[in-house]
Amino acid sequence: MMCDMYPRIDADSDPAALDAADPLAGYRDLFALDDAELVYLDGNSLGRPPRAVAKAVAELLDGTWRTELVAGWDSWVDLPTIAGDELARSVLGASPGEVLVADSTSANLYKLAAAALAAATPDRRVLVTDDDNFPTDRYILAGIAEQFGATLRIVRTDIDTGVDPEAVAAAVGADTAVVCLSHVAYRSGALADMERISAIARDAGAFTLWDLCHSAGSVPVELNRCGVDLAVGCTYKYLNAGPGAPAFLYVRKDLQSRLRQPMWGWFGQTDQFAMGPEYRPVEDIRRFSVGTPPISGITAVRAALEPTSRAGIGALREKSVALTTYALALIERRLVPLGFRVATPRDPNLRGGHVTIEHAKAWQISQAMRRAGIVPDYRAPNRVRLGFAPLYNGFGEIARAVEGIADIVASGAYVEFDDAVSRVT
């Protein structure tokens, strides 16, 4: 696969020429860059701050809240579904009324997995996931299995190449209630075949539940076209909504009145301000709400989404493929001879928006990189993860990062750092 906007990219490509021709280069100016020389390639839980977010939150704090006080709730109360529709349209390939911005990814995963298990027939008591799924997903599914007397079936996955549809097919059967997987693997960046795996689960009579944390805003997500039942994801990675920004959940429209989530909160209640004695959930996506929504957080989500919506996920994907292609070409030339191993699929159709490289001294190297003004993140075992955000990363930054890593390893500068991995990586 090669991109129309970036037709020829290899290790000999001129990064300055690529940046000059980049149709998305101007989007970098929409972000606060206090240190313009810093190469920010963190694939973790925090994108750079869009300038519009600070403005929108300030207007909320100094405007609506200050002037309207509690009357502001007349407009705030519907923000979770308004923001959800915006995400559905611009990022998730979903229909209006199918996405809700609420809670955390972990809480949303619990709500949807438990609801799907409860809706399954009594002979379906198995939850399926893979051994390389993000830890919170595995933990929550294990907790649900323990709580409700179900079984968690683990699919063996290669941590470089990602989920194999055939392995999923072998694990799914007449006893399966839910298949829960990540669209993009958090360590390697491997991209799962959402359409094929969803069809496998559907043909077996199981619900599909996808974690979109590393794909939303980075790769095209087509929930409706792929026949996905349920999905969750965060807004603080490629969607840049800020630390602890609220997550989202997706429930296919025809399932909404059928599923009854386990957290019965008043924001999911019919006529919630009647303060009735019994819980009667609304019939639409709002039944997956629980408590009072975080208005400042949802305001940030909506403001942060605007650049992604304007650029278009197709254009962002093209640039993402170009960035990762260029990075891999440079890594093969400069870093593999220095002891690195590429732990991400070379085929762009099989990878998301980040590239992972493995080295025995990966933790120490990642710390030396930060001192050199290159911010990656580290993932066990012995992996440096480089996340490329098409809205603000450029080709020149990639060239500087790879050359910087090569200098660190060749000079042995990383040995100055302790090999004990810290709590936050």
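Values computed for the structure shown
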| item | result |
| --- | --- |
| From the options S422, S366, residue that is outside any loop (DSSP other than H, G, I, E, B), among the small types (G, A, S) and over 28 Å from S309 (Cβ atoms) | S366 |
| Residues of the range 202-212 satisfying the condition of being of a type in the set (A, V, I, L, M) and touching a Gly at 6+ places or on another chain (Cβ under 9 Å) | A204, A206, L212 |
| Positions within the range 230-260 being crowded, with 24+ Cβ neighbours inside 10 Å, of a type outside the set (F, W, Y) and part of a loop (DSSP other than H, G, I, E, B), in sequence order | C234, T235, K237, L239, N240, A241, A245, P246, A247 |
| Test: I9 is farther than 18 Å from P243 by Cα, out of contact with any Pro (no Cβ under 9 Å at 6 or more places or on another chain) and at pLDDT below 95 | yes |
| Tabulated pairs, the range 261-277, first more than 22 Å from Y250 (Cα to Cα) and at pLDDT 95 or above, second outside any loop (DSSP other than H, G, I, E, B) and of a type in the set (G, A, S), C-beta under 9 angstrom, 6+ apart or interchain | none |
| Among residues of the range 293-304, those that are crowded, with 21+ Cβ neighbours inside 10 Å and touching a Pro at 6+ places or on another chain (Cβ under 9 Å), counted | 7 |
| Any hit, the range 198-210, residues being closer than 25 Å to G297 by Cα, at pLDDT 95 or above and either touching a strand residue (DSSP E or B) at 6+ places or on another chain (Cβ under 8 Å) or small (G, A, S) (or both) | yes |
| Cross-chain or 6+ apart pairs with Cβ under 7 Å, the range 353-372 first and under 14 Å from L41 (Cβ atoms) and among the hydroxyl-bearing types (S, T, Y), then at pLDDT below 95 and in a helix (DSSP H, G or I) | none |
| Conditions (1) under 22 Å from F417 (Cβ atoms); (2) touching a helix residue (DSSP H, G or I) at 6+ places or on another chain (Cβ under 8 Å); (3) surrounded by fewer than 21 Cβ atoms within 10 Å (Cβ to Cβ): number failed by V290 | (1) |
| Candidate set from the range 346-384 (those that are surrounded by 24 or more Cβ atoms within 10 Å (Cβ to Cβ) and hydroxyl-bearing (S, T, Y)); member that is nearest to D418 (Cα to Cα) | S366 |
| Among (1) within 26 Å of A36 (Cβ to Cβ); (2) out of contact with any Pro (no Cβ under 7 Å at 6 or more places or on another chain); (3) in contact (Cβ under 8 Å) with a residue 60 or more places away in the chain - the single one A343 does not satisfy | (1) |
| T136 being within 19 Å of the chain's Cα centre (by Cα) and outside any loop (DSSP other than H, G, I, E, B) | yes |
| Which listed residue is buried (at least 23 other Cβ atoms within 10 Å of the Cβ) and touching a helix residue (DSSP H, G or I) at 6+ places or on another chain (Cβ under 6 Å), from L152, L181, L191, L212 | L191 |
| First in the range 66-92 and within 23 Å of L316 (Cβ to Cβ) and touching a residue at least 24 places away in the same chain (Cβ under 8 Å), second anywhere and among the charged types (D, E, K, R) and buried (at least 19 other Cβ atoms within 10 Å of the Cβ), Cβ under 9 Å, 6 or more apart | I82/R302; A83/R302; G84/E98; E86/R302; A88/E98; L92/E98 |
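The values are calculated or read from the model by the stated rules, or taken from the named source; none is laboratory data. Note that the coordinates shown come from a computational prediction; the quantities given were computed from them, not determined experimentally. Virtual Cβ from ideal backbone geometry, glycine too; neighbours counted across all protein chains shown.
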